[in-house]
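The values are calculated or read from the model by the stated rules, or taken from the named source; none is laboratory data. Note that the structure is a prediction, hence the values are computed from the model and not measured. No Cβ is skipped: glycine too gets one built from the backbone with ideal geometry, and neighbour counts run over all protein chains shown. Only protein heavy atoms, including side chains, enter the accessible area calculation; ligands, DNA and RNA are left aside. Shrake-Rupley method; radii C 1.70, N 1.55, O 1.52, S 1.80 Å.
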Amino acid sequence: MSSYKITAITAGLGLLLTMALSVSVNMFLLGPVVFDSNFLTTISANENQVKMSALLELLNGILSIGIVMLFLPLFFKHNKSLSLGYLGFAIFHLAVVVLDVFNVFSMLSLSKEYINVAVETEAYFQLLGTVLYDNRWWSHYMEILSSCFPLLLFYVLLFQTKLVPRFISIWGLVAVPLVITSVLLAMFDQGTHMSLMMVLGLNQIFMIFWLIIKGFTTNAKESTMN
């Protein structure tokens with residue numbers, strides 16, 4: 001098996017793992033607890049689950065940098081400036097992930113204190129809880145938004161290098177702005193439009209299995225060796 005095939009399979013499996021972690025954390029493990037209407041009590045009641053979920057979120061951000069490093073040598077030969085931009089935005093996204101994790105742990109700390117507060121200070125804790133809830137809400141959507149910038153450059157570089165068929169890259173270039181639109185609509189109190197995000201999700205799934213089964217295209221492999 002060639003090194004290019006191994007790189008493609010590794011990248012595909014890495015993307016599959018990050019996608020699975022993201023869905024698991026946001027949809028099943030962390031999201032339902034942290035964004036519950038009674039979060040001040042539910043977070044401390046699910047302390048270990050919250051801690052594990054937050055650490056998985058951080059791990060996912062680190063894994064994303066690892067995937068960037070897999071593609072970077074292939075991209076760098078075609079466009080150095082965009083490749084460096086791709087890396088820079090990925091690092092920025094990791095910083096936002098760290099901020100989001102910090103906000104989750106802040107909510108956990110407050111929740112653990114809330115269950116022991118006296119009645120006369122309960123209103124104060126509820127007010128502080130609302131502030132931390134809003135902080136986590138904003139950092140969560142900022143995390144999604146910040147992930148779109150390296151993704152956009154990723155698909156531009158895929159289009160240029162032809163590592164995968166160009167229709168996959170074009171699909172991604174259409175899908176990422178739809179995610180940005182969905183996030184901005186949520187930020188301006190217009191609701192979350194999952195249908196817009198699903199376009200990118202389907203693209204990611206298709207590309208993952210393409211990389212694992214087909215690998216990189218022959219022309220792209222020949223081009224990166226020159």
Counting alpha carbon pairs within less than 8 Å and at least 6 residues apart, what relative contact order, in whole percent, applies to the chain?
26 percent
So how far apart, in nm, are the two label points at Gln160 and Met69 if each is 7 Å from Cα heading toward Cβ?
2.3 nm
Rounded to 0.05, the calculated FRET efficiency for the beta carbons of Phe188 and Leu17 at R₀ = 45 Å is 0.85
In nm, give the distance between the simple-model label positions of Ile115 and Lys51, each being 7 Å from the Cα along the Cα-to-Cβ direction.
1.3 nm
In nanometres, what is the gap between the two model label sites at Lys5 and Trp138, each 7 Å from Cα along Cα-to-Cβ?
5.1 nm
In the chain, with Lys and Arg counted as +1 and Asp and Glu as -1 at Cβ, which of these residues, Tyr124, Ile208, Val183, has the Cα nearest the positive end of the dipole, that is, farthest along it?
Ile208
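Which whole-number percentage describes the relative contact order of the stretch 18-152, with Cα contacts under 8 Å and a sequence gap of 6 or more?
On the way: 122 pairs, mean separation 41.0, N = 135.
The value is 30 percent.
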I need the calculated FRET efficiency for the pair Leu59 and Glu122, taking r as the beta carbon distance and R₀ as 35 Å, to the nearest 0.05.
0.50
Heavy atoms of Thr217: accessible area, 1.4 Å probe, square angstrom to 10:
40 Å²
Measure nothing fancy, just the Cα-based angle from helix 80-114's long axis to the longest principal axis of the chain, in degrees from 0 to 90, nearest 10.
20 degrees
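For the chain, which whole percent of the accessible surface, found with a 1.4 angstrom probe, sits on carbon and sulfur atoms?
Values: 7960 of 11440 Å².
The value for the chain is 70 percent carbon and sulfur by accessible area.
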